[in-house]
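Only one structure is covered here, and it is reproduced in the block below.
Taken together, the values in this text are just the output of simple stated rules run on the coordinates, not laboratory data. Keep in mind that this is a model prediction, so the values were computed, not measured. Cβ coordinates were reconstructed from backbone atoms using ideal geometry, including for glycine residues, and neighbour counts include every protein chain displayed.
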């Protein structure tokens with residue numbers, strides 16, 4: 001589970017390229033030096049053309065409570081990535097987990113910023129891209145999408161359906177996965193995604209394919225886990241039903257493995273990993289997804 005207050009890790013930014021499921025993490029590429037600092041970096045969302053991305057930087061260490069996270073952005077200009085800068089809608093409050101959606105015209109994120117003069121838990125907010133390319137003032141998604149409890153990891157499919165995790169009461173475990181259909185320009189009341197995906201332990205960060213038929217998520221304390229602190233699982237939807245989640249053993253470690261992100265064409269999977277229980281750092285890896293997809297879809 002991602003605990004840093006509500007979300008947080010110490011993340012240096014690495015890229016890993018796997019040529020097949022049996023390759024090892026020693027075959028990683030070099031650290032992305034313009035991102036990595038002596039502070040915490042984690043989480044990534046990228047636009048469809050893969051020339052702009054957003055990530056999170058925190059002022060504390062992995063696992064430390066009471067820290068503050070900020071969303072940054074970078075663009076690729078003339079083949080080089082620009083120096084990351086604070087996104088226009090972030091910087092004042094504890095913001096995390098950005099997700100670009102709606103053909104890159106909407107960005108969802110998690111924030112504890114107040115609303116209507118009230119103290120907020122970590123809720124789902126969004127900004128819309130204006131005609132001049134700037135982001136709008138953030139707006140909070142209404143109840144029952146948000147709750148008095150913590151929401152995590154907002155994601156959407158190509159028709160706008162929303163998926164997220166929450167530790168609200170009434171689920172199967174500490175945290176569960178939920179979905180909310182997009183109907184007549186609004187989200188309907190969210191539904192628990194069921195006992196096939198959720199367990200009596202905890203489900204947290206997730207990624208959904210554009211077709212809504214593939215999900216990758218983090219789960220903690222399952223019997224199949226390599227680490228009780230969080231492993232990545234994959235499941236496929238067939239004729240309306242999700243398959244039994246499979247532990248992605250090629251990726252998971254004795255540390256925490258979490259925050260999956262798939263590129264639009266499913267060519268690459270990005271994810272975060274601390275690599276071991278002893279690690280004080282969490283890195284982001286980039287993996288060729290074809291072999292993993294083929295292996296687990298069987």
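For region 185-298, the alpha carbon convex hull comes to 124 Å³ per residue, rounded to a whole number. With the alpha-carbon atoms of the chain aligned to their principal axes, the span from lowest to highest coordinate is 50, 44, 35 Å, starting with the largest.
Remark: the residue 211-residue 130 segment gains 26.5 nm on full extension, using 0.36 nm per residue and subtracting the alpha carbon distance. For the chain, the relative contact order works out to 15 percent when only alpha carbon pairs closer than 8 Å and six or more residues apart are counted. Among 188, 119, the order by Cβ neighbours within 10 angstrom, fewest to most, reads 119, 188. Applying 0.36 nm per residue to the separation of residue 200 and residue 264 and subtracting their alpha-carbon distance, the gain on full extension is 19.9 nm.
Mean projected area of the convex hull spanned by the Cα atoms of region 83-235, taken over all viewing directions: 10.5 nm². Cα centroid separation, region 37-81 to region 96-127: 16 Å.
Shown for 143, 52: other C-beta atoms within 10 Å of each C-beta, ranked fewest to most, produce the order 143, 52. In plain terms, the chain from residue 174 to residue 254 could stretch by 26.7 nm, reckoned as 0.36 nm per residue minus the Cα-Cα distance. If you average the sequence gap of Cα pairs under 8 Å that are 6 or more apart and divide by the length of region 184-231, what percent do you get for the contact order? After rounding, I find 25 percent.
Across region 119-249, Cα pairs under 8 Å and at least six residues apart give a relative contact order of 16 percent. Taking the helices alone, the chain has a mean residue ellipticity at 222 nm of -500 deg cm²/dmol, built from -39,500 (n - 2.57) per DSSP H run of at least 4 residues and averaged over all its residues. For a modelled paramagnetic label at residue 104, 7 Å from Cα along Cα-to-Cβ, the residues of region 250-274 in reach, with backbone nitrogen under 19 Å, are 261-270. Compute the FRET efficiency between residue 186 and residue 280 as 1/(1 + (r/R0)^6), taking r as their Cβ-Cβ distance and R0 = 30 Å, and round to the nearest 0.05. Calculated transfer efficiency: 0.10. Note on residue 228/residue 77: beta-carbon distance plugged into 1/(1 + (r/R0)^6) with R0 of 45 Å gives a FRET efficiency of 0.55. Shown is the FRET efficiency for residue 115 and residue 291, computed with R0 = 35 Å from the Cβ-Cβ distance and rounded to the nearest 0.05: 0.20.
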